Amino acid sequence: MPRKPDTSIIGKVFNDLRVEELTDERNSYGRLLYRCTCLLCRKTRMATKSNLIRGEVKNCGNHPVYTDISNRTFGKLTALYAIDKKQEKAEEKYGIADVNAEKNVMCHMEV
């Protein structure tokens, strides 16, 4: 007799994902997939119960990795604090922001 699907995690939050429902879809290993909603952007993602519990799936995958470089020194420059993208244009216009394009990090720099 087949096992009954586990619905105990529906409604729970794992990292930035909220489990919405158990679907009939299966992954390549035959495990049932849950439909999850990203709390950051409201996009959906499918994940197995074990992926969610182990933390292997943290969000929808569309968010850049943020590296906090506050109080780190780069030559004669010191990163003071992180800024968001809305401040980017204004602060770059006045020459007080530096963008590390490789890591996608914005920071306020002081000489």
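Brief remarks follow.
- Any hit, the stretch 1-9, residues being at pLDDT 90 or above and within 23 Å of the chain's Cα centre (by Cα): yes
- Where strands (runs of 3 or more DSSP E) sit wholly within the stretch 25-84, those with at least 1 residues that are within 20 Å of Lys12 (Cβ to Cβ) occupy 32-38, 44-47.
- Just one of the listed residues (Val111, Val65, Val99) is exposed (fewer than 11 other Cβ atoms within 10 Å of the Cβ), at pLDDT below 65 and among the β-branched types (Val, Ile, Thr), and it is Val111.
The values are calculated or read from the model by the stated rules, or taken from the named source; none is laboratory data. This structure is a prediction, so every number in the text was calculated from the model and none was measured. Glycine gets a Cβ as well: all are built from the backbone with ideal geometry, and neighbour counts include every protein chain shown.
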